[in-house]
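To keep things clear, I will list the structure first and then write my remarks on it.
The values are calculated or read from the model by the stated rules, or taken from the named source; none is laboratory data. Source: prediction; values computed, not measured. No Cβ is skipped: glycine too gets one built from the backbone with ideal geometry, and neighbour counts run over all protein chains shown. With ligands, DNA and RNA removed, areas are computed over all heavy atoms of the protein, side chains included. Shrake-Rupley method; radii C 1.70, N 1.55, O 1.52, S 1.80 Å.
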Amino acid sequence: MVETRERKGLLEILLQEGKLSEPDIERVRGVQQQTGQKDWQILLQLGMLSEEDLRNAQGLYFKLPVWEKKKKEVYPLLGDLPYNFLSRNKILPLRMSNGELDVAVAHPEDTTLVETLRHTARTKLNVKKLNVYVGCERDIQQGLDELFGIEGESKSSEVVVGAGVADDIEKLKDMASEAPVIRFVHNTITRAIEIGASDIHLEAFEKNARLRYRVDGMLSDFPSPNKDLYPAIISRIKIMARLNIAEKRLPQDGRIKVPLSGREVDIRVSLIPTIHGEGVVLRILDRSSVCLELDKLGFQEDILRKFRFLARKSEGMILVTGPTGSGKTTSLYSILREIKSPDIKIVTVEDPVEYSLDGISQMQTNPQINLNFASALRNILRHDPDVILIGEIRDRETADIAVQASLTGHLVFSTLHTNNAASAFTRLQDMGIESYLLASSVIGVMAQRLLRTLCPRCKEEYRGATPPINPPLEGFLNPAVIPLNKDKQDTLDRLYKAVGCEECMQSGYRGRAAIGELLAVDDAIRGQVMAQKDSLAINKLAMSKGMKTLWQDGLEKVKAGLTTLEELKRVIDTDDEYIE
């Protein structure tokens, strides 16, 4: 009864402060009846309330001061308040002086926790007075990571985490808090960010462990951890990501926020069980390094011009296709940044939200409460958006709603996993979408890939030699004659090769650039879709109307000396139907 009274009072405060409406509260209560979750958790998960708003409302309700995180704050390291306890309960020691301890808590409604903390501070730390502040869970966790985590590795060896406890889980927690483990995780993440890696892969095998970084789309081996330390390293990552350290049988996903050199880096954590131990992939989302400007992504000017023209339309569906890691989300984020303005409302539904976009409402799916793309879309449409971004069309239900939205006055952006632009129509038809609906709704499809670009310091020009590459490129003498289609040939009178130096870690490449093929839908293309023609027929018609294929676009970068034929062959399947 106490819990219900406190929650009701908090919702009333949020209503009085104008942060919630009566329908919002009814919606929360409906979800709560289905899931049994606390309503403040539902508010945060549905994006109806920010952590700051929750913190301020809790401060008013519990009559406690509010703590806001500031840069370069120094927190006291208290041996009798270990990381595991503080992180699990979202408590951050703020200041310790003259017998008084200030702490920030994210859940002041937990009176048992507050009393336990008060008792521990009095008996173990000789604290005469405990001052409680209300803080955001995110800020508290970030402060703890700074105190114990990768920013505070030199201090962490002093932390007492229950010495002498025999339980295996407690031993793992102890090991995860030791300096060598913390130092390895810290150095691994820092090194990855320094070299511009997108992912960190840690894997366990029978006799050894393996560490690899994915840089510019390619995996490379780096010095691996000692196999004996591997379980503790995984436990350390779980602690940082607030995952269940005891669970080793099921996959787990989490997030880490890493303060580094005055900026915050998001890391997505994914663990899977394998026969020799858990494997982990850390996906680095560094907002400071990501480029969200279309002009700087590498697309040719004619593609950008047509893409921008389509993105200025008031309704219809624009699809971006390609495999995972081909830059689809970056392209969509970039175009949204260009078209946003005070007179249009843009709403996105993503899984997950990778980067926060100012001035755009973003929603993240949550399968635990049945918030998927389809259910989120139905609710988004009630908010009268002008532009909608759907992270990915995965099933018929999502596709149906997306098509209907595009036919009723909305501009819809989304992604698909197809090899080229023309295949998007057959993919949606396979999902069960009627051809006449596709012909009426889809106004453009852009397929894209990312090519590694040559290191400007070490690339070398060569002439009179055939590049080491498989057919159909093999056998062309200098000048290299590369067929583009039946009626046209292009000539490459100079080529470059990747050499390797210290700046590019001996790979010969630094950075990546996008290539694309943009299929703008006109009456002729609509006729092909209505007639349920296959992707080959649609592709040939689009090429006859001037569409440049991925292969042709990539060849332009080869001619300009930005990349190599080998790289283009690696990324594009040269046996595709439009390369003849």
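For this structure, a couple of remarks:
- Taking all protein chains together and a 1.4 Å probe, the residues D522, D216 rank D522, D216 from largest to smallest accessible area.
- Folded to 0 to 90 degrees: helix 230-241 orientation relative to the chain principal axis, Cα: 80
- Positive-end residue of G327, S224, M547, charge dipole of the chain with Cβ unit charges: S224
- FRET efficiency estimate (nearest 0.05) - Cβ-Cβ, E503 to R378, R0 56 angstrom: 0.65
- Between K72 and Q33, the contour length at 0.36 nm per residue exceeds the Cα-Cα span by 9.8 nm.
- Range of Cα positions in the range 40-91 per principal axis (Å), largest first: 37, 23, 21
- The range 361-396 residues near the modelled T324 label - backbone nitrogen below 17 Å, point 7 Å along Cα→Cβ: 391-395
- With a simple spin-label model that places each label point 7 Å from the Cα along the Cα-to-Cβ direction, the separation between R570 and T190 comes to 3.0 nm.
- Relative to the longest principal axis of the Cα atoms of the chain, the long axis of helix 535-544 makes an angle of roughly 60 degrees.
- Unpartnered cysteines - no second Cys beta carbon under 4.7 Å - across the chain: C136, C291
- Computed about its Cα centre, the charge dipole of the chain is approximately 700 debye, with only Lys, Arg, Asp and Glu carrying charge at their Cβ.
- Compactness of the chain, expressed as Rg and Dmax over alpha-carbon positions, Å: 27.4, 88
- Principal-axis tilt of helix 111-124 within the chain, Cα atoms, nearest 10 degrees: 60
- Relative contact order for the range 266-333: 23 percent, from Cα pairs under 8 Å spaced at least 6 residues apart, divided by residue count.
- Gyration tensor over alpha-carbon atoms, the range 336-452, equivalent ellipsoid semi-axes in Å: 22, 17, 16
- Once you reduce the range 311-360 and the range 176-218 to the center of their Cα atoms, the two points are 31 Å from each other.
- Amide H within-cut-off set for L495, under 5 Å, with H built and near neighbours excluded: Y462
- Every helix of 4 or more DSSP H residues in the chain counts as -39500 (n - 2.57), and over all residues that averages to -11000 deg cm²/dmol at 222 nm.
- Whole-Hz Karplus values for the range 438-443 come out as 4, 4, 7, 9, 6, 10 Hz, taken residue by residue from phi with 6.51 cos²θ - 1.76 cosθ + 1.60 and θ = phi - 60°; glycine and proline positions read x.
- Surface share of carbon and sulfur [accessible, 1.4 angstrom probe, percent] for the chain: 47
- Selected from G18, Y75, P65, residue furthest toward positive end of dipole (the range 7-75; charges at beta carbon): Y75
- Cα centroid of the range 106-141 to Cα centroid of the range 35-79, whole Å: 14
- Using the average count of surrounding beta-carbon atoms within 10 Å as a protection proxy, the listed peptides 224-232, 270-278 rank, highest first, as 224-232, 270-278.
- Taking amide H atoms as placed 1.01 Å from N in the peptide plane, the amide H of A104 lies under 5 Å from those of L92, L94, Y133, each 5 or more residues away in sequence or on another chain.
- Per-q log10 I(q)/I(0), the range 210-310, q = 0.10, 0.20 Å⁻¹ (Debye; single scatterer per alpha-carbon; no solvent): -0.43, -1.10
- Think of the chain as a dipole: +1 on every Lys or Arg Cβ, -1 on every Asp or Glu Cβ, centred on the Cα centre; then among V445, G277, Q300, G277 lies furthest on the positive end.
- Only beta bridges with both residues in the chain are counted; by DSSP, about 65 percent of them are antiparallel.
- When the surface is traced with a 1.4 Å probe over the full set of protein chains, M96 keeps roughly 80 Å² accessible.
- Per residue accessible area in Å² of the chain, where ligands, DNA and RNA are left out and the probe is 1.4 Å: 47
- Estimated at 0.36 nm per residue, the fully extended path between I272 and R138 surpasses their Cα-Cα distance by 45.7 nm.
- Sorting T112, T415, T426 by accessible area puts them as T112, T426, T415; the probe is 1.4 Å, largest comes first, and only protein heavy atoms count.
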